[in-house]
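Input: a single structure, listed below in structure tokens.
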Amino acid sequence: MWVAQDDEHGPAEDGGPEGGERHERGRGRRGHGEHGRRGGGPVGRGRGGMWPGGVGAGGFGPNADFGRGRGRGGRGRRGDVRAAILLLLEDRPMHGYELIQQIAEKSNGTWKPSPGSIYPALSQLEDEGLVLIDKVAGRKTAALTAEGKRHVDDHRADLGSPWDDVADSVGIDARDLRALIGQLMGAAGQVAGVGTVRQVDQAAEVLIEARRSLYRILAEDAPDSSDSTDAT
């Protein structure tokens, strides 16, 4: 059973299955001005307080997750880990951390599997006789067996290109939205930083209405008169 543990170069292979993962959780730092807009309201005047809904995935903060796309949630895109491992090991033997990094690179950063998915998959492939695990320079390294190489050759069409599938599934629309959201954040930040009380109030109303409109799109709802009245 292959399990992972951190070292300075990434997960080694002697701890728990989740031990090797370096979590980049994107914690938003609360600024002193989060609730500090003059007169109250959803837009703060100080660091970290200018985003409606707060920083993070719930609002427009810099750590919001804008790229999940249709029909999938979670930390990121998920692909066929088993296929990815087999195809990568066809090039050369790799340890677990190399596999994670290669998958992330080949998918343009849209898919970075956790050790909790890589190491169990390696163990399963080893049990099936497709992969051999051996220590190389003190690290457990995986290589295809002769049977594993035959399996890749025989099933190449089925294995496909899992990282390309994941990268393509993000879609150009999601990438374009991220750029537009960044521009919106920049404009809102300028108003929050140097605007008058009246300008900040107006910006807050614009952002509130934008949020309502986005939820209407998700709900496939047309704006009604009551919403228009509330926003004025």
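Bear in mind that the values in this text are calculations on the coordinates, not laboratory data. This structure is a prediction, so every number in the text was calculated from the model and none was measured. Virtual Cβ from ideal backbone geometry, glycine too; neighbours counted across all protein chains shown.
Observations, loosely collected:
- Residue separation of ASN108 and ARG198 scaled by 0.36 nm, minus their Cα-Cα distance, works out to 28.1 nm of gained length.
- Likely footprinting exposure, TYR215, TYR97, TYR119, fewest C-beta neighbours within 10 Å first: TYR215, TYR97, TYR119
- Amide H contacts of HIS95: ALA142, each under 5 Å away and 5 or more positions distant or on a separate chain (H built 1.01 Å from N in the peptide plane; Pro and chain starts excluded).
- Taking the fewest neighbouring Cβ atoms within 10 Å as the starting point, the ordered list for THR110, THR196 is THR196, THR110.
- Ordering of 82-91, 156-165 by burial proxy (mean other Cβ atoms within 10 Å per residue, highest first): 82-91, 156-165
- Residues HIS155, HIS95 in ascending order of nearby Cβ atoms (within 10 Å, fewest first): HIS155, HIS95.
- In this simple spin-label approximation, TYR215 and LEU177 carry label points 7 Å from Cα along the Cα→Cβ vector, and these lie 1.6 nm apart.
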